[in-house]
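Structure incoming, see below.
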Amino acid sequence: MKRIMLFLITNIAVMAMLTIVANVLCAVMGVPMDQEWAQLLVVAAVYGMGGSIISLLMSKTMAKLACRAKTIDGSEGEAERWLVSTVEDLSRRAGVKMPEVAIYPGAANAFATGAFKNHALVAVSSDIMGQMTKEELRAVLGHEMSHVANGDMVTLTLVQGVLNAFVIVASRVLASVLAGSGDGRGGRRSNGGVYFLAVLVLQIALGALASLVVMWFSRKREYAADAGSARLLGSPSPMIAALRRLGNLQPGALPDSLRAMGIAGKRKTSIWATHPSLDDRINALQNLGAGVFA
């Protein structure tokens, strides 16, 4: 609930900031801040942030449907019982309520999702259960429980929503300035064709830049989740072993909405990747081990 309140407060603050920036730009460029700009801010809030909020609230249900994940309670068999008891132990160590636990068919991967850290979902693929040792799988679960405890699902949604709103408003304000004819009525009215073309180009360009910010933030949270797993287990060694194992497996693809919270990564990374490279993650854990667990 605290993070949801932070999400809403931040949205309000961002809208206030955008209003000030829009007023200043319009005053400098001679474009009147009339009712259309107020409407634009509302549209940015609804489409840029509202969509992110709705997606977050529906994330558990949509994840189950997209991955065909089945919730388990431990009564299904020995492997399921171990999985549930391990998540229960890790959730207690992390200081959060026991999340739902699910298994889904597919190649090696795992993910966490949910709008609230005390009502989350942790899911693992059938392949990762069969191809990892219990200690490695426990490290993977520790990674996902760290995402939950850190509130990374909400924080990533917050970042995405704020950037979406910024792109919507900034592209239209800049397009209006670029297309303006100096008649005091704004480019949208005086030169509609140029305005809409400028909006399209600017939205693509600013959207690409916004995506880079989101991907950078996602990679930072992966390092934090790896470190969180090491702390929950008392050693970075299991997480290092799990990452090395992943490097020898074919990772399973996840829907875009879940990819940032998945465990699998690649040996190499890029500025467009949600995860650092496996080698970089292993090096970070080794450095963490030298400084924290020595």
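Which residues, taken from region 62-78, are under 18 Å from the mean Cα position of the chain (by Cα) and within 16 Å of residue 129 (Cα to Cα)?
Restricting attention to region 62-78, the residues satisfying the condition of being under 18 Å from the mean Cα position of the chain (by Cα) are 62-64, 66-67.
Result: 67, single match.
Does at least one position in region 236-252 carry a residue that is assigned to a loop (DSSP other than H, G, I, E, B), of a type in the set (D, E, K, R) and either touching a strand residue (DSSP E or B) at 6+ places or on another chain (Cβ under 7 Å) or surrounded by fewer than 17 Cβ atoms within 10 Å (Cβ to Cβ) (or both)? Full working, then the answer.
Narrowing region 236-252 to residues assigned to a loop (DSSP other than H, G, I, E, B): 236, 248-250, 252.
So of that shortlist, the ones also of a type in the set (D, E, K, R) come out as none.
Within region 236-252, none of the residues are assigned to a loop (DSSP other than H, G, I, E, B), of a type in the set (D, E, K, R) and either touching a strand residue (DSSP E or B) at 6+ places or on another chain (Cβ under 7 Å) or surrounded by fewer than 17 Cβ atoms within 10 Å (Cβ to Cβ) (or both).
Then there is this: Step by step: first the residues of region 102-145, then only those that are assigned to a helix (DSSP H, G or I) and of a type in the set (S, T, N, Q), then the one that is surrounded by the fewest Cβ atoms within 10 Å (Cβ to Cβ). Which residue is that? Give the steps one after another, and end with the answer.
Here is the first cut: in region 102-145, the residues assigned to a helix (DSSP H, G or I) are 126-131, 134-145.
This time we only want the ones that are of a type in the set (S, T, N, Q), so: 126, 131.
Details: 126: 15, 131: 17.
Only one residue fits best here, namely 126.
Pick from 87, 148, 159: which is free of Cβ contacts under 8 Å to residues at least 60 places away in the same chain, in a helix (DSSP H, G or I) and under 16 Å from residue 226 (Cβ atoms)?
Values: 87 fails: under 16 Å from residue 226 (Cβ atoms); 159 fails: under 16 Å from residue 226 (Cβ atoms).
Result: 148 is the single residue among 87, 148, 159 that is free of Cβ contacts under 8 Å to residues at least 60 places away in the same chain, in a helix (DSSP H, G or I) and under 16 Å from residue 226 (Cβ atoms).
OK, next. Can you spot a residue in region 83-101 that is surrounded by 15 or more Cβ atoms within 10 Å (Cβ to Cβ), of a type in the set (Val, Ile, Thr), within 18 Å of residue 263 (Cα to Cα) and under 22 Å from the mean Cα position of the chain (by Cα)?
yes
The numbers here are math on the coordinates, done by the rules we state, and not lab data. Since the structure is predicted, the reported quantities are computational estimates derived from the model, not experimental observations. Neighbour counts are summed over all protein chains in view; Cβ atoms, including those assigned to glycine, are modelled from backbone coordinates with ideal geometry.
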